[in-house]
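A.B. asks: Sharing a structure here in structure tokens format.
The values are calculated or read from the model by the stated rules, or taken from the named source; none is laboratory data. Source: prediction; values computed, not measured. Cβ: placed from backbone, ideal geometry, glycine included. Neighbour counts: every protein chain shown.
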Amino acid sequence: GDEGDKGAAGYLLRDGGMPLDNLANTLTVFLGTDVACAQCHDHPFADWTQMQFYELASYFGASTTRVGGNYGRGSDLMTNIDEMVTGAGQDITRLRNGIRNFVQANSYAVEDMETNKLTLPHDYKYPDGKPGDPVKPKFVMWTAADKSNPAYKKVSGKDENLRVAFASWLTHPENPRFAMTIANRLWKRAFGSGVAEPVTNIDEPDASFNPELLKFLAVAMKKLNFDLKEFQRMILYSNAYQAEATTEPIPMGAPYFFQGPQLRRMTAEQAWDSYMTLVLGKPEQYQVPYGLTELYGRSIDLNITNDKLSAQTVLMKYDAYRKMGDKLRATMGGGLDSVGGDMMMGGDKSGSKQTKDEDLAMSEELKIPTYNGMQLMRASELPQPERGGHFLAEFGQSPRLLIDGGSKEGSVPQVLTMMNGPAQSMLTDRSSLLFRTMEKVTNPSDKVEALFLSVMNRKPTLQEKDLAKRELASSGEDGYANIIWALINTREFIFVQ
């Protein structure tokens, strides 16, 4: 299917026409195996051969990301559309780019072919094959014991089922690396460091600093039936996690014995969501309604393999697509003073699920707030990656060009953003939810306490109360904004402790 039909198709379309790159990325993400070198030659530092890589890639040899394999259909349609629009006296220049993107979006989808077409490359130089030879699919085995492993049971011999067979093997509970890789990644999320580093390469578990712990976590993941919430609960309730955070930097390559979590800065997404909680109160209620996004996805669908598809039909579909885009944009535009109510988008207070019609009606009443051109929603609801200059981009959001490409490194732009950027000003704005929450109490001391509870999740110390009192005496009502500014610029706010 395509992205409008099945969102998961986007994973393969991301590397459309590059099955070898997609396989290398897949193995790195899901199995903690870095095999990119084996695309071109036997891996120099791991027990991987180029033939093994191609045997795995062969499971995608019967898949294509081009609709019907037709490379020229979109171009033919664009030629006819140009002639129709120009003949009607309209300006094709204004429409061409939008229509071209619309047509090209329907030229890509994941489809199964009847035969496996993957062959060895023209420069293959090893004795186990010749350039151009077809490659039979075969799963890689890490140890001799894998021969009796149920994960390696053949699903089907038909070429059109190869991707299904690969997915079954990849995610099988008994796959030697699947559970271990997930467990290692979640451990790193909690502690700041994986049991095996880097998390993208655990080809040799016994070479990790604590192989017994790594194997224990893999077994625990399987016992919990891959319930990620329960697995994280197990970690977060452990004595190791609840111990005092380690503040000393860990030298590169040095072992870490997990005497406690590492003190570290929040990720860009965590920092942004922390802001959104302060700005919106309940950020989960602000999202584009599912019913609207589903209709938007349908408006994009166009069967360009239909030989009877006319340029006029394409223009009609494109017009409907633009109107749906206008409806999506109409859900944006609420101000800071509109947030903080009890209205829930996509569900009522009791948690019961809205119907599609109720979902769409709710979107007309509750607009997603914006501030200085920024859509105020959780990071997961925003475009990924965000545009340059956005808070998320400045704080190290991954550009999604490389796996785990995000960064927690500090920078001058980050400091400037925290000091006088829009993310800071929307909290100190008097119409913000934070300010309105504070103003529900009248006593200055209670207001300061409300700010500390909101931002720091704790009450102020006696020393902090004294500092706040002096600031209010010096700056008057403006002192509250100064206190907010000071709190969000502390390490306590931006670091995970």
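A.B. asks: If you go through segment 129-152 one residue at a time, how many are in a loop (DSSP other than H, G, I, E, B) and loosely packed, with under 11 Cβ neighbours inside 10 Å?
C.D. replies: 2
A.B. asks: So for segment 200-209 (the condition being more than 26 Å from the chain's Cα centre (by Cα) and in the same structural domain as L56 (by TED's automatic domain parsing)), does at least one residue qualify?
C.D. replies: no
A.B. asks: Hey, another quick one. Tally up the residues in segment 162-175 that are touching a residue at least 24 places away in the same chain (Cβ under 8 Å), surrounded by fewer than 19 Cβ atoms within 10 Å (Cβ to Cβ) and not charged (D, E, K, R), please.
C.D. replies: Let us first name the residues in segment 162-175 that are touching a residue at least 24 places away in the same chain (Cβ under 8 Å), namely 162-163, 165-166, 169-171, 173-175.
Those left that are additionally surrounded by fewer than 19 Cβ atoms within 10 Å (Cβ to Cβ): 163, 165, 170-171, 173-174.
Subset that is not charged (D, E, K, R): 165, 170-171, 173.
Qualifying residue count, segment 162-175: 4.
A.B. asks: Then there's this: Please verify whether S238 is under 30 Å from V67 (Cβ atoms) and under 28 Å from the mean Cα position of the chain (by Cα), treating the condition exactly as stated.
C.D. replies: no
A.B. asks: The conditions are (1) crowded, with 18+ Cβ neighbours inside 10 Å; (2) outside any helix (DSSP H, G or I), and M180 fails exactly one of them. Which is it?
C.D. replies: M180 satisfies every listed condition except (2).
A.B. asks: Looking for something modelled with pLDDT under 85 and in a loop (DSSP other than H, G, I, E, B) - is there at least one such residue anywhere in segment 93-101?
C.D. replies: No - not one qualifying residue is present in segment 93-101.
A.B. asks: Residue check: is Q397 closer than 18 Å to M276 by Cα, touching a residue at least 60 places away in the same chain (Cβ under 8 Å) and in contact with a His (Cβ under 9 Å, 6 or more places away or on another chain)? Step through it out loud before you land on a result.
C.D. replies: Numbers: closer than 18 Å to M276 by Cα: yes; touching a residue at least 60 places away in the same chain (Cβ under 8 Å): yes; in contact with a His (Cβ under 9 Å, 6 or more places away or on another chain): yes.
So Q397 fits the description; yes.
A.B. asks: Return the pairs, sorted by first residue and then second, in which the second residue is outside any loop (DSSP other than H, G, I, E, B) and among the polar types (S, T, N, Q), the first residue lies in segment 42-60 and is without any contact (Cβ under 8 Å) to a residue 40 or more places away in the chain, the beta carbons are less than 8 Å apart, and the residues are 6+ apart or on different chains.
C.D. replies: So the pair list comes out as F53/Q39.
A.B. asks: Within segment 369-412, can you find the residues that are of a type in the set (K, R) and within 16 Å of Y286 (Cα to Cα)?
C.D. replies: Selection gives R378 alone.
Residues are listed down the side, and each one gets a yes or a no for (1) in contact (Cβ under 8 Å) with a residue 12 or more places away in the chain; (2) among the aliphatic types (A, V, I, L, M); (3) touching a strand residue (DSSP E or B) at 6+ places or on another chain (Cβ under 7 Å):
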residue: L402; (1), (2), (3): no, yes, no
residue: G406; (1), (2), (3): yes, no, no
residue: R436; (1), (2), (3): yes, no, no
residue: P444; (1), (2), (3): yes, no, no
residue: V448; (1), (2), (3): yes, yes, no
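A.B. asks: Sort out for me the helices (runs of 4 or more DSSP H) sitting completely within segment 211-300 that have 1 or more residues that are among the acidic types (D, E) and surrounded by 16 or more Cβ atoms within 10 Å (Cβ to Cβ). Can you show your working first?
C.D. replies: Working: elements: 211-223, 228-236, 239-242, 268-280, 290-300.
Fully inside segment 211-300 and qualifying: 268-280.
A.B. asks: Would you pick out the residues in segment 23-54 that are under 15 Å from T200 (Cα atoms) and touching a Phe, Trp or Tyr at 6+ places or on another chain (Cβ under 7 Å)?
C.D. replies: Going through segment 23-54, the residues under 15 Å from T200 (Cα atoms) turn out to be 23-37, 45-46.
Within segment 23-54, L23, F30, L31, V35 meet the criteria.
A.B. asks: Can you give me the number of residues within segment 301-318 that are in a helix (DSSP H, G or I), closer than 17 Å to N101 by Cβ and of a type in the set (V, I, T)?
C.D. replies: Result for segment 301-318: 1.
A.B. asks: Q463 fails exactly one of the following numbered conditions: (1) surrounded by fewer than 19 Cβ atoms within 10 Å (Cβ to Cβ); (2) closer than 26 Å to F395 by Cβ. What is the number of that condition?
C.D. replies: So Q463 meets the others, but not (2).
A.B. asks: Next question. Name the single residue that is farthest from F495 (Cα to Cα) among those in segment 384-430 being buried (at least 19 other Cβ atoms within 10 Å of the Cβ) and among the aliphatic types (A, V, I, L, M).
C.D. replies: Selected residue: M426.
A.B. asks: Report, by residue number, each residue of segment 183-205 that is of a type in the set (D, E), closer than 19 Å to A24 by Cβ and surrounded by 16 or more Cβ atoms within 10 Å (Cβ to Cβ).
C.D. replies: The answer is D203, and nothing else.
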